[in-house]
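This report concerns only the one structure given below.
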Amino acid sequence: MLNVLMLGVGQCGNRILDAMNKEAFGGGGASKLAKYYLRPKFPSRVETLAINTAVNDLKELRFTTAKDRLHVPNLHGVGANRNVGKQAFMENRDMIMGEIEKRGDFDIAFVITSTSGGTGSSFSPLLINELKRQYKDIAVITVAILPFREEGSIYLQNAAFSMRELMEVDAEGIILADNQYMKRFSGDIASAYDKINNMIAQRLLFLIESLDSEMLSVTDLGDFKTVMNGGLRIGTMGFYQADSKNLSIRDAIENSLKPGNLLYPANVADDAARAMIIIQGSREHLDVDEITKAVEKLSASAGHVFKGIMVKKGRPKILSVFTLASAPELEGIYAQAARAMQEEKEKRTRARKQLDDAFAHIEDLEEIY
Amino acid sequence: MKASSYRLGLICLLLYVLLIGSACAAESDEEDEDEITFRDFSLNIGDRVDLDDYQMELIEIQSLRDGLVVMRVSRVGGSLDEQRALLLDSPNNFDGGAEKGGVTITITDIFDEQSARVRLEYEQKLGTPRKRASDRPAAMPEKPELLVQKSFDRNEMHVGDEVKVTITIKNTGTGTANDIDVQDIPPLPEFTYIAGYPPKIKETLDSGQSDSAVYILNAAREGSVQIPAVVVSYADSKKNSKSNSSEPFSIIIRPKSKADLVINVEDTPPLVLDEEGLLNISISNQGSASATRIEATGEVSPSDGLEIKGLDKSFFEIPPGDAANFSARISGHKRGIYTIRLKVSYDDGDGSVIREATSRAVVLKREYKYQYLLVIIPIIIVSAWIYRRHREYKY
Ligand SMILES: Nc1nc2c(ncn2[C@@H]2O[C@H](COP(=O)(O)OP(=O)(O)O)[C@@H](O)[C@H]2O)c(=O)[nH]1
Ligand SMILES: [Mg+2]
């Protein structure tokens, strides 16, 4: 049995964590009441912990138990300032780590956070370091959410800096999800968030299940680590469930890799470094030939492809996890961030200059009374 | 005012003068020659009138009705001694009568059985007749007086009741009553005769004696009945017949008195399977007569599943206004609704009557006393659970 630690840091991380808890209750509308009579059903031993400096963000949660919500006291919040955030983490490090320690030993930890906010983006790199220090053999996967591009220069800047820090820490890898990319799912922001969060939650649960099950053809934590270690150590996930009109397993695998089904825009054929394909479904749908053909095709472009097959009643479901050898979109963000920062800087100097010019008018004057 | 009293005085004076005048005239007539004159005497029995040497005595009023009076006329020396019955208003001559120097006696009036008025006619020269009252006390008059009474032993009764009628005759007068005859009309058709009619009363009753007769009737028809008077007729010793009657009165005959039993079988509260309960029964007599030979028998339908002990009972009598109460033990061995029918037969005084009453008994499956807990406890558990869960997720 795998011991899994799920940490949701900051508002975005908290909400995705809450979505996972909801998903563990069965998901959908029924789960609203399910918490009153059920226990969340995780495939492994999963401990969840929502960490935030903002009490209101913690209060918003619905499916996470009170004891799994950890408030990190900080006088005025962090206000998207990563430096304040870092300081707040350091001041409360022992308390936070103690809270995690209480939950026992773990084989793998997922740290879910937005890259652009204050708390999550500043806490997460430090938290990952602490986890690595405290748990010798733990695999740490960061689930990082990229902002909507129009959210403003501070968010972009935060995203750029926090991504760099996340890539520098000694984690197993980063799974990216891009709000901007998934914006198309919904018109308004609130339901877009919900949709995105549910998608991420569903995929993560599926992933955990696959790492901890008696598979026909086994993938395990080691395989997953290997995949995450590939390329830039930055990857993403694709997911597809076959519909009743087309139950072809091959088509399903190919669909799971199509840009439309990814959390982050990537061209699998060109950019994938390593991949893992997890296949679930009724035995009659699991045509080994078809699977092999699809996997072979992927292997031709991506370096190595692990495959896992879970026999479970239902239409074929595919989760594909892969790392990237190159991330042009991410580069785009940095460019945009740099531009924004540059603009900001220029704006500031321009404003400063204007103000200085204004002061110039009274430069030689004394106050007269 | 003054003038009228003066005139009244004058009239009185005038009348006075006239009277004196006429008296003087009569006096003068007598003295003129040997004229026949008369005097009236009121005599009691035994009284005597003396004139010259004639003695005339009232012996007896022989018959008031026939106007016969017995007188004895005698002459001192024994030349006349005759006792004769004189008829009212007819002159009787003795010694040739007043015309011939004797006396003529006429009974002009009979007052009663003791006295009469006698007119004596005689020649004036015989002198003035004098009345000698009898020195022996006047014999008690023979005057029987019957009181008659008719009575019922009660004046309210029910159809079918026997009633005793008493007729009492009492001689409250003096003298014996003879030929007593009682005329009593029985009150038919409201009554039927049973025994003792016609009432037999002695034919003669001495003064102070009484006699009574009783007869028995049976009230036959309800209503208010006027009881006619009883008439007694009798005669005194002189065959004077008399009669008297009782006061009529009325009595009430109510409808036949009967026992009327009302049976009340109490509904029992639901019985729990195999537990015992009591069935209370009350038989009350709301009629006006005693109920006798009361037999209560019960039956249950459906016939198996409910056991009843002590439902069959009998009583000798239940007087009117009284009640017999008893209870039976019931126990249910099968779930269901049972009908208990109690049949009571009795004699209501007129014949045999059957009355019935029913009750139902419910036998429940089990003890459901704490049934509500079955609902409440789960609710409490669920609420507590939900609250705990709520607390768990409340941040
Ligand atoms: N996918 C997703 N993104 C979110 C959600 N909430 C906030 N974000 C994104 O996270 C960023 C803000 O970070 P946030 O987590 O709110 O800040 P923090 O609480 O200070 O860590 C913005 O780019 C938002 O678009 C959410 O529920 N789902
Ligand atoms: Mg926020």
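Derivation of every value follows stated rules applied to the coordinates shown; laboratory data play no part. The structure presented is a predicted model; accordingly, all values stated were derived computationally and were not measured. Heads up, the Cβs are rebuilt from the backbone with ideal geometry, glycines too, and the neighbour counts pull from every protein chain shown.
Return the subset of B:Lys131/B:Lys238; A:Lys32/A:Lys136; A:Lys86/A:Lys347 for which the Cα-Cα distance in this structure is over 30 Å, preserving the input order. Please report the intermediate quantities before stating the final value.
Values: B:Lys131/B:Lys238 27 Å; A:Lys32/A:Lys136 38 Å; A:Lys86/A:Lys347 27 Å.
Going by Cα-Cα distance, A:Lys32/A:Lys136 fall outside the 30 Å limit.
Placing +1 on each Lys and Arg Cβ and -1 on each Asp and Glu Cβ, with no other charges, gives the protein assembly as shown a dipole about its Cα centre of roughly 6920 debye. Modelled spin labels at B:Asp40 and B:Gln286, positioned 7 Å past Cα toward Cβ, are 8.0 nm from each other.
The residues neighbouring B:Asp348, those whose beta-carbon lies less than 13 Å from its own, together hold a net charge of 0 under the Lys/Arg +1, Asp/Glu -1 convention.
Peptide B:384-394: average number of partner chain Cβ atoms within 10 Å per residue? List each step's numbers first, then the result.
Details: counts 0, 2, 4, 1, 1, 7, 2, 2, 6, 12, 3.
Across the residues of B:384-394, the mean count of other-chain Cβ atoms within 10 Å is 4.
Listed values for region B:210-215 are Karplus-derived 3J(HN,Hα) couplings in whole Hz (6.51 cos²θ - 1.76 cosθ + 1.60, θ = phi - 60°), namely 9, 8, 9, 9, 10, 9, and x replaces Gly and Pro. Here A:Lys59 and A:Asp194 are evaluated by their C-beta separation; at R0 = 22 Å the FRET efficiency comes out at 0.80.
Under the rule a/c < 1.5 gives rounded, and otherwise a/b versus b/c splits prolate from oblate, where does region A:11-158 land using the Cα gyration tensor? Could you put the intermediate results ahead of the total?
On the way: a/c = 1.68, a/b = 1.26, b/c = 1.34.
The shape class here is oblate.
Among residues other than B:Ile318 with Cβ under 13 Å from its Cβ, the summed charge is -2 (Lys and Arg +1, Asp and Glu -1).
Report the residues of region A:1-27 in range of a label on A:Asp94: point 7 Å along Cα→C-beta, backbone N strictly under 12 Å from it. So the set is empty, nothing qualifies. Using R0 = 60 Å, the C-beta based FRET efficiency linking A:Ala351 and B:Ile381 works out to 0.35.
Taking each residue as 0.36 nm, the span from B:Ser212 to B:Glu162 lengthens on full extension beyond its C-alpha to C-alpha distance by 16.1 nm.
Spin-label model, A:Arg133/B:Ile337: points 7 Å from Cα along the beta carbon direction are separated by 8.3 nm. Between A:Glu101 and A:Asn261, residue separation times 0.36 nm minus the direct Cα-Cα distance comes to 54.0 nm. Listed values for region B:292-301 are Karplus-derived 3J(HN,Hα) couplings in whole Hz (6.51 cos²θ - 1.76 cosθ + 1.60, θ = phi - 60°), namely 10, 6, 8, 10, 10, 10, x, 9, 10, 10, and x replaces Gly and Pro. Among the listed pairs A:Lys35/A:Lys313; A:Lys258/A:Lys313; A:Lys67/A:Lys258; A:Lys41/B:Lys394; A:Lys35/A:Lys312, a Cα-Cα separation exceeding 29 Å is found for A:Lys67/A:Lys258. Put a plus charge on the Cβ of each Lys and Arg, a minus charge on the Cβ of each Asp and Glu, and nothing anywhere else: the dipole of region B:270-395 about its Cα centre is then about 1340 debye. A straight Cα-to-Cα reach below 16 Å connects B:Lys242 with the aspartates and glutamates B:Asp66, B:Asp112, B:Glu113, B:Glu142, B:Glu145, B:Asp179, B:Asp181, B:Glu203, B:Asp206, residues fewer than 8 places away in its own chain not being considered. Projecting the Cα positions of B:Ile110, B:Leu364, A:Leu156 onto the charge dipole of the protein assembly as shown (unit charges on Cβ atoms of Lys, Arg, Asp and Glu, taken about the Cα centre) puts A:Leu156 furthest along the positive direction.
If R0 is 45 Å, what FRET efficiency do you get for B:Glu82 and B:Asp179 from their C-beta distance, rounded to 0.05?
Values: r = 33 Å, r/R0 = 0.73.
Using R0 = 45 Å, I get an efficiency of 0.85.
In straight-distance terms, cross-link reach from B:Lys100 covers every one of the lysines whose alpha-carbon lies under 17 Å from its own, apart from those fewer than eight places away in the same chain; here that gives B:Lys125. Counting charges near B:Asp66 (Lys, Arg +1; Asp, Glu -1) among other residues having Cβ under 11 Å from its Cβ returns a value of +3.
If each residue of separation counts as 0.36 nm, what is the full-extension length gain between B:Ser301 and B:Tyr372 once their alpha-carbon separation is subtracted?
22.4 nm is the gain from fully extending B:Ser301 to B:Tyr372.
Pairs of alpha-carbon atoms within less than 8 angstrom and 6+ residues apart define the contacts here; what relative contact order does region B:239-348 have, in percent? Could you put the intermediate results ahead of the total?
Numbers: 226 pairs, mean separation 35.3, N = 110.
This gives 32 percent for region B:239-348.
Report, in degrees rounded to the nearest 10, the 0 to 90 angle that the Cα long axis of helix B:2-32 makes with the longest principal axis of chain B. Compared with the principal axis, the helix lies near 50 degrees.
Model label points for B:Ser237 and A:Ser44, set 7 angstrom from Cα along the Cα-to-Cβ axis, are 15.7 nm apart. Between 0 and 90 degrees, the angle of helix B:371-393 with respect to the longest Cα principal axis of chain B falls at about 40 degrees.
Semi-axes of the equivalent ellipsoid of chain B are 105, 30, 13 Å, computed as sqrt(5λ) over the eigenvalues of the C-alpha gyration tensor in descending order.
With an 8 Å Cα cut-off and a minimum separation of 6 or more residues, compute the relative contact order for chain B in percent. Kindly include the intermediate steps, with their values, before the conclusion.
Numbers: 927 pairs, mean separation 40.2, N = 395.
Over chain B, the number comes to 10 percent.
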